[in-house]
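Coordinate-derived values only; no laboratory data. Everything numeric in this text was worked out from a predicted model, so none of it was measured. Here the Cβ is made from the backbone with ideal geometry for all residues, glycine too, and neighbour counts use every protein chain on show.
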Amino acid sequence: MENFLSIENTLDAASRKRKRIIVNIITIAGMLACLGFIVYGIKTRIFYSEIALGAFLARFGLWAPIIFVVFQATQVVFPVLPGGIGLLGGTLIFGGRMGFLYNYIGICLGSAAAFLIAKKYGIRVLDLLFSSKLRKKYMHWTEDRRFSVLFAIAIFMPVAPDDYLCYLAGTTNMSLKKFTAIILLCKPFTLAVYSFGLNAIFRQVMILIH
C-alpha cells in the first residue's frame with residue numbers, strides 16, 4: 001500500500017511539474033510574441049499615430065477588432081508604450097460605442113495579464129518596468145489592510161497609473177476573482193473619460209486646423 005501511495009505521489013509530482021513547464025512555455029511564448037509586436041509597432045509607428053494604426057487595422061478587415069483588442073492589451077502589459085493612441089484610435093476607427101467596447105475589452109484583458117505576471121514573478125517585475133519614483137509613491141499601499149479599497153478607488157479615478165497598480169496588485173494576496181471584479185466595474189468610467197475626452201479634443205483641434 002505504501003509503495004502504491006509513493007508511486008501515486010511521484011506521478012502527481014511529475015504531472016504538476018509538466019503543467020508548470022507548459023505554463024512557463026506559454027508565458028514566455030506570449031511575452032516574446034508581444035515583444036515582437038512591439039518592435040513591429042515601433043517600426044511602423046502604429047503606437048504613435050492613430051492614422052498609422054487605422055491603416056494597419058484596415059488590412060485585417062473583419063479581424064480588425066480582435067487585432068485592436070490585442071494591441072490595447074499589449075500596451076497594458078508593456079506600459080512603456082503610449083496608451084493614449086489606442087484610446088483615441090479606437091473611437092476614431094470603430095466609432096464611439098464600439099471603440100469604447102474594444103478599448104474596454106483589451107485593457108481589461110491586459111490588466112488581468114499584468115496581474116498574473118506579477119503574481120508569478122513578484123516585485124522584480126515592477127523594478128524592471130517602472131521608475132523607482134513611481135514604486136516608492138505607491139508601494140506602501142500594499143502594507144495597508146484597505147489595499148482593495150484604495151486599488152478600486154484608484155482604478156475608478158482617471159488620473160491614477162492603472163498599469164502600475166495592476167502589477168502592484170499582483171504582488172499582494174488579492175485574489176484574481178476580486179481583482180477582475182474591481183477592473184470590470186471600475187474601468188468603464190476611466191475609459192469613458194479618456195476615450196471620449198481625447199476624441200472631443202481631437203475633433204476640436206481638427207476644426208481649428210481646417
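Could you work out Rg/(2.2 N^0.38 Å) for the range 45-209, with Rg from alpha carbons only?
1.06
As an exercise, use a Förster radius of 30 Å and the Cβ-Cβ distance of residue 70 and residue 189 to find the FRET efficiency, rounded to the nearest 0.05.
0.80
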